[in-house]
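Worksheet for the structure shown next.
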Amino acid sequence: MSDNSETIVLGAGCFWCSEAVYKEIKGVLTVTPGYAGGYTSNPNYDAVCEGDTGHAEVVKVEFDPSTISLDQLIRIFWDIHDPTSVNRQGNDVGTQYRSIILYTNDDQKKIIDESVAKINNSQEFNQPVVTEIKKLDIFYPAEDYHKDYYSKNPLLPYCSLIISPKIKHFKEKYHDLLKEGE
């Protein structure tokens with residue numbers, strides 16, 4: 001991590017989807033899929049999928065706050081999944097797909113709490129946000145085959161039917177936040 005960066009860990013359902021979106025954003029330096037928020041040491045994909053680790057599929061986002069604010073990253077987070085759905089995103093069901101934000105400092109928590117209040121007060125969603133918010137304890141990187149999954153497998157059914165439309169929507173709504181040439 002560079003001296004001019006911050007890290008936030010976000011769980012918005014499948015980490016393949018979140019990674020694909022956050023990699024497109026100007027000011028995002030790295031996006032790493034992984035597991036966090038649970039109680040099992042050194043989890044792997046199979047164990048997390050079983051739902052017995054307490055971990056969620058997440059992405060660790062390292063970003064330059066002089067280029068993209070945490071508030072903007074959280075606004076995108078609300079838009080790329082349903083934060084009112086408990087342990088489910090579309091057909092992905094289980095605690096590993098829960099909506100979760102793991103902050104790394106108290107300033108981030110304040111921004112997140114303000115964003116939750118704002119989104120709930122806006123009535124953008126028909127239900128209140130159920131996103132779990134807590135301080136990051138430990139982040140476990142996912143196995144190598146999960147990294148850049150969408151860019152390596154764009155024609156697989158899950159990628160073309162679920163991730164591609166999500167990225168298209170994101171690019172249309174946030175075109176001003178895309179990296180150069182995107």
Problem set entry | the chain, helix-only ellipticity at 222 nm - DSSP H runs n ≥ 4, -39,500 (n - 2.57), divided by all residues, nearest 500 | -8500 deg cm²/dmol
Seminar exercise, completed: One checks the Cα atoms of the chain and finds Rg and Dmax, in Å, of 15.2, 42
Problem set entry | Residue-span extension gain [residue 64 to residue 125] - 0.36 nm each, minus C-alpha spacing | 19.0 nm
Exercise. Per the 1.4 Å probe, what fraction of the accessible area of the chain, in percent, lies on carbon and sulfur atoms?
Worked result: 49 percent
Seminar exercise, completed: With every protein chain kept in place and a 1.4 Å probe, segment 45-182 has an accessible area per residue in Å² of 55 Å²
For this session: Any lysines with Cα under 24 Å of the residue 134 Cα? List them, leaving off those in the same chain fewer than 8 positions away.
Result: 23, 60, 109, 110, 118
Problem set entry | Debye, to nearest 20: dipole size of the chain, +1 on Lys, Arg Cβ, -1 on Asp, Glu Cβ | 340 debye
Exercise. Got a sec? Charge dipole of the chain, +1 on Cβ for Lys and Arg, -1 for Asp and Glu; which of 129, 95, 15 is way out at the positive end?
Worked result: 129
For this session: Under 1.5 on a/c is rounded, so check that first for segment 29-94, then, if it is not, pick prolate when a/b is larger than b/c and oblate when it is not; a ≥ b ≥ c are the square roots of the alpha carbon gyration tensor eigenvalues.
Result: oblate
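The values are calculated or read from the model by the stated rules, or taken from the named source; none is laboratory data. A quick note: this is a predicted structure, and the numbers were derived from the prediction, not measured. Counting neighbours? That spans all protein chains shown, and the Cβs are built from the backbone with ideal geometry, glycine included. Protein only, heavy atoms only, side chains kept; ligands, DNA and RNA dropped before computing areas. Shrake-Rupley method; radii C 1.70, N 1.55, O 1.52, S 1.80 Å.
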